[in-house]
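The numbers here are math on the coordinates, done by the rules we state, and not lab data. All of these numbers come straight from a predicted model, not from anything done at the bench. When we count neighbours, we look across all protein chains shown, and the Cβ atoms used for this are built from the backbone with ideal geometry, even at glycine.
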Amino acid sequence: MQHPIAQTIDEYIADFPPAVQELLQQVRATIAQAAPEATEAIKYAIPTFVFHGNLVHFAGYKNHIGFYATPGAHQDFAQELAPYKQGKGSVQFPIDQPMPLSLITRMVKYRMQKNLAKLAGKKK
């Protein structure tokens, strides 16, 4: 069954079972706390935080929460991400394990620095 694309992160999260909603809200709150200046959006049909460009994306699935902190963050956090299943620019945090919120916080702050550096480079 195809769902209409959510227009807000609240709509997106509401489409999941309660246990997954709770995890998605944890991830959302963690990102918002790490990047208070970032704004929320839906891009590529998934929740996105924007701060001088896309900052990070996350998404809910049946068995995991997908987290996308590209470009660069996945390589630079490769050792800490090693226990998790990964794709190109994505990592899967299993829903039957605690979310690695401190790792997510560090990755978000890293991406903020990268976006600010890119912005500073454009202003020169």
Q) What about Q33, is it closer than 15 Å to M107 by Cα and under 14 Å from the mean Cα position of the chain (by Cα)? A) yes
Q: Find the residue count for segment 46-63, including only residues that are within 8 Å of the chain's Cα centre (by Cα) and within 15 Å of T8 (Cβ to Cβ).
A: 6
Q | Condition met for I13 (out of contact with any strand residue (DSSP E or B) (no Cβ under 6 Å at 6 or more places or on another chain) and farther than 26 Å from A117 by Cα) | A | yes
Q: Consider only pairs whose beta carbons are under 7 Å apart and that are at least six residues apart or on different chains; among these, list those whose first residue lies in segment 101-118 and is surrounded by 13 or more Cβ atoms within 10 Å (Cβ to Cβ) and whose second residue is of a type in the set (S, T, Y).
A: L101/T30; I104/T30; T105/T30
Q: Out of G53, G72, G89, report the one residue that is more than 15 Å from Q25 (Cα to Cα), touching a residue at least 60 places away in the same chain (Cβ under 8 Å), surrounded by fewer than 16 Cβ atoms within 10 Å (Cβ to Cβ) and small (G, A, S).
A: G53
